[in-house]
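Chemist: Attaching a single structure in structure tokens format; questions to follow.
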Amino acid sequence: MNDNILIMPNGSKWKPSTSSDTVHCVNCENAVDTPAEVASYPNGNCPDCGNSWTGAERRSTSIIVTAPEAITGET
Ligand SMILES: [Zn+2]
């Protein structure tokens with residue numbers, strides 16, 4: 001996973017917000033939330049119960065907004 005770092009004009013560095021997809025399996029109610037596993041949807045199988053995705057899964061996208069966090073800010 002790449003960590004994108006935002007660098008402000010004053011030279012301070014900040015972490016940007018990120019988003020993630022989640023697929024909720026209808027067979028085992030496993031919540032698949034890793035990018036590699038979500039990438040198998042809808043043509044692959046649930047990595048937890050092994051059943052193929054049915055297309056009836058509930059899919060949600062979460063926007064994770066991280067509060068600005070100074071990594072380096074002092075000069
Ligand atoms: Zn499953």
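The values are calculated or read from the model by the stated rules, or taken from the named source; none is laboratory data. The structure presented is a predicted model; accordingly, all values stated were derived computationally and were not measured. Cβ placement follows ideal geometry from the backbone for every residue including glycine, while neighbour counts extend to all protein chains displayed. Side chains are part of the model used for accessible areas, which takes the heavy atoms of the whole protein and leaves out ligands, DNA and RNA. Shrake-Rupley method; radii C 1.70, N 1.55, O 1.52, S 1.80 Å.
Chemist: Ala36 - would you say it is in a loop (DSSP other than H, G, I, E, B) and hydrophobic (A, V, I, L, M, F, W, C)?
Modeler: no
Chemist: Report, ordered by the first and then the second residue, all pairs with beta carbons closer than 7 Å, sequence separation of six or more or different chains, a first member in region 18-43 that is within 13 Å of Ala56 (Cα to Cα), and a second member that is more than 9 Å from the ligand (Cβ to nearest atom) and in a strand (DSSP E or B).
Modeler: Val23/Arg59; His24/Ala31; His24/Arg58; Tyr41/Val23
Chemist: Looking at region 23-55 only, could you name the residues that are away from the ligand (no atom under 12 Å from the Cβ) and open to solvent by 50 Å² or more (accessible area, probe 1.4 Å)?
Modeler: Asp33, Thr34, Pro35, Ala36, Ala39, Pro42, Asn43, Gly55 - these are the residues of region 23-55 that are away from the ligand (no atom under 12 Å from the Cβ) and open to solvent by 50 Å² or more (accessible area, probe 1.4 Å).
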